[in-house]
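In what follows, a single structure is set out as structure tokens and then discussed.
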Amino acid sequence: MTENRFQRTDDNFRNLSAVSCSPPPAPDFGFDAPFDRTGTGSSKWARAAAPGVIPMGLADMDLPGPPAVAEALERRARHRAYGYTVCDPAGRALVADWYRARHGAEVDPDWVLLLPCGPRTALRLLLETVRPQAPVLFPTPEWGGFAQLCRAMRLAHHELPLHLAPDGYRMPRGPLPRPASAVLLSNPHNPSGRVWPTGTVRGLASWAAQSGALLVSDEVHGDLTHPGRTHPVAATCADPADRPSVVTLNSVGKTFNCSGIPSSFALVPDPRLRARLTDTLAGYGLWEGGLLEQTVQRAALGEGGPWLDALLAHLAAARSRLTDRLGPAVRSAPQASYLLWLDAAALGLPSQDARAALLERCGLESSDGTDFGPGGAGSLRLNYALPGPLLDTVMARLDRLDRP
């Protein structure tokens, strides 16, 4: 009886295999349903100039974030003590595990600083720490925050024109100017969504090490690299001897749509620079950790992977729809994130007032290319991280560009 009870015939085994190997249904995170941000104080929607305008300028997703983050915040809020918190040392290992799992990058947990501020503030604190004497270099077009910080700190800076090739932007040809104290880079590139090749990032790290400079790689869009692409993490793809000259900045804010809760983390391989940056933080009354920041980061990195996979599939589909529709107006096909960099003239818009013209003709608000430095003149940036029904509306409105 015992033998027969546990004996499995070939048919039974085949049935069991069919059941156990069937993939579970893909979770529905609501990306194809309407998503209303009314009453949330959204700065993105506050930019809408009039009722009915769809704001597509600010780099902020109009998509529901990971359920795990919402659930973690709800659980923590139920404990009615919100006092000072210590830095969770397991948070460093969590960041290192994330890089290993998502990017195949080996990050030493000792490199990680868990910062209670957004990436822009983290960059400001880093520049305060190194106190550049020689000029700071960064490309153009490039995220406007670099220029704003340099102006605010009265730092000399040079904007280096990028070369637009058929496969997207490339770094300037020839040697970079010396002397220089730092090279600032958005990696992937903001505004175009270009994933910088590993060799490019490694070469910049080598140049920085040889020049006594620092390569600061702002990688807040790195986890949003589209399927089939690999994101080069600057702190790990640099040659080991060059790593003390590299700092990588990242955050769960862009990746998991929670930028309203400022947090970031820095990968700083140089222990002396880590100690100096920690001292700078303390001078501003800032310490590693933070109640809400750590709650969000633990939930996002620990449980947000399935949500992120679904998001990337949604973004890739939206990218294909828009690039197919806009064709040669797309200056550089995006390989990451949710940003589309467009040639205003190819859209039939005047180069000088393209943002206003797109708003008037299509009811779509965008970012003006001049916000990204001299290399952005005549361009527009659109954010396509939209729910399915709203993207359908955008596609219909773009048809107005074809009308006289």
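The values are calculated or read from the model by the stated rules, or taken from the named source; none is laboratory data. Just so it is clear, the model here is predicted, and its values are computed rather than measured. All Cβ positions, glycine included, derive from the backbone under ideal geometry; neighbour counts span all protein chains shown. Areas reflect the complete protein model, heavy atoms only, side chains present, ligands, DNA and RNA absent. Shrake-Rupley method; radii C 1.70, N 1.55, O 1.52, S 1.80 Å.
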Checklist entry - Let a ≥ b ≥ c be the square roots of the eigenvalues of the Cα gyration tensor of segment 200-324; is it rounded (a/c under 1.5), or, if not, prolate (a/b larger than b/c) or oblate? => result oblate
Checklist outcome for this item: Here the residues of segment 223-267 lying in the modelled label zone of ALA93, meaning backbone nitrogen under 20 Å from a point 7 Å along Cα-to-Cβ, are 265-267
Next on the checklist: How much length would be gained if the chain were fully extended between ARG170 and ARG325, taking 0.36 nm per residue of separation minus their Cα-Cα distance, in nm to one decimal?
Outcome noted: 53.3 nm
Checklist entry - What value, in deg cm²/dmol to 500, does the helix sum -39500 (n - 2.57) over DSSP H runs of n ≥ 4 give at 222 nm once divided by the residues of the chain? => result -11500 deg cm²/dmol
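Quick one: work out the % antiparallel among DSSP beta bridges in the chain, nearest 5. Write out the running numbers ahead of the final one.
Numbers: 19 of 37 bridges.
Taking every DSSP beta bridge with both residues in the chain, the antiparallel ones total about 50 percent.
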Checklist entry - Distance from the Cα centre of segment 132-152 to that of segment 287-334, in angstrom? => result 25 Å
Next on the checklist: So, taking all protein chains as they sit and a 1.4 Å probe, how much accessible area belongs to MET56, in Å² rounded to tens?
Outcome noted: 0 Å²
Item to check | Translational diffusion of the chain, µm² s⁻¹ [Kirkwood Rh, Cα pairs; Stokes-Einstein; 4 °C; 1.567 mPa s] | outcome: 57 µm²/s
Item to check | Note, ³J(HN,Hα) from phi for segment 299-313, Karplus 6.51, -1.76, 1.60, rounded to Hz, x at Gly and Pro | outcome: 5, 5, 6, x, 10, x, x, x, 4, 5, 4, 5, 4, 4, 5
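I'd like to check one number: the per residue accessible area of the chain, probe 1.4 Å, reported in Å² as a whole number.
On the way: 18820 Å² over 404 residues.
With all protein chains present, the chain gives 47 Å² per residue.
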Item to check | Protection proxy ranking of 340-352, 42-54 - average other beta-carbon atoms within 10 Å, highest first | outcome: 340-352, 42-54
Checklist entry - Which residues' amide hydrogens lie under 5 Å from the amide hydrogen of PHE265, considering only partners 5 or more residues apart or on another chain, with H built in the peptide plane? => result LEU115, ASN250, SER251
Checklist outcome for this item: Sorted by chain and number, the residues with a modelled amide H under 5 Å from that of ALA336, at a separation of 5 or more or across chains, are HIS226
Next on the checklist: Pairwise over distinct Cα atoms, reciprocal of the mean inverse distance: report the Kirkwood radius of segment 31-165 in Å, one decimal place.
Outcome noted: 19.6 Å
Item to check | Amide proton proximity set for VAL183, modelled H, under 5 Å, gap of 5+ | outcome: LEU137, LEU214, LEU215, VAL216
Checklist entry - Which ³J(HN,Hα) values, rounded to whole Hz and listed in residue order, are derived for segment 217-232 from phi using the Karplus coefficients 6.51, -1.76 and 1.60 in 6.51 cos²θ - 1.76 cosθ + 1.60 with θ = phi - 60°, glycine and proline given as x? => result 9, 7, 10, 5, 9, x, 6, 9, 5, 5, x, x, 10, 10, 8, x
Checklist outcome for this item: Per the rule of 0.36 nm per residue minus the C-alpha distance, extending ALA33 to GLN148 adds in nm 37.7 nm
Checklist outcome for this item: Computed on Cα atoms, the radius of gyration and Dmax of segment 314-404 in angstrom are 12.2, 35
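Using just the alpha carbons, could you tell me how many Å³ per residue the convex hull of segment 258-374 encloses?
Details: hull volume 22.2 nm³, N = 117.
Dividing the Cα hull volume of segment 258-374 by its residues yields 190 Å³.
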Checklist outcome for this item: Binned at 10 Å starting from 0, the alpha-carbon pair-distance distribution of segment 134-275 in whole percents comes out as 11, 42, 38, 8, 0
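When a/c is below 1.5 the answer is rounded, else prolate if a/b is larger than b/c, else oblate, so apply that to segment 106-169 with a ≥ b ≥ c taken from the square roots of the Cα gyration tensor eigenvalues.
Values: a/c = 2.17, a/b = 1.28, b/c = 1.70.
Oblate, since a/c reaches 1.5 and b/c is not below a/b.
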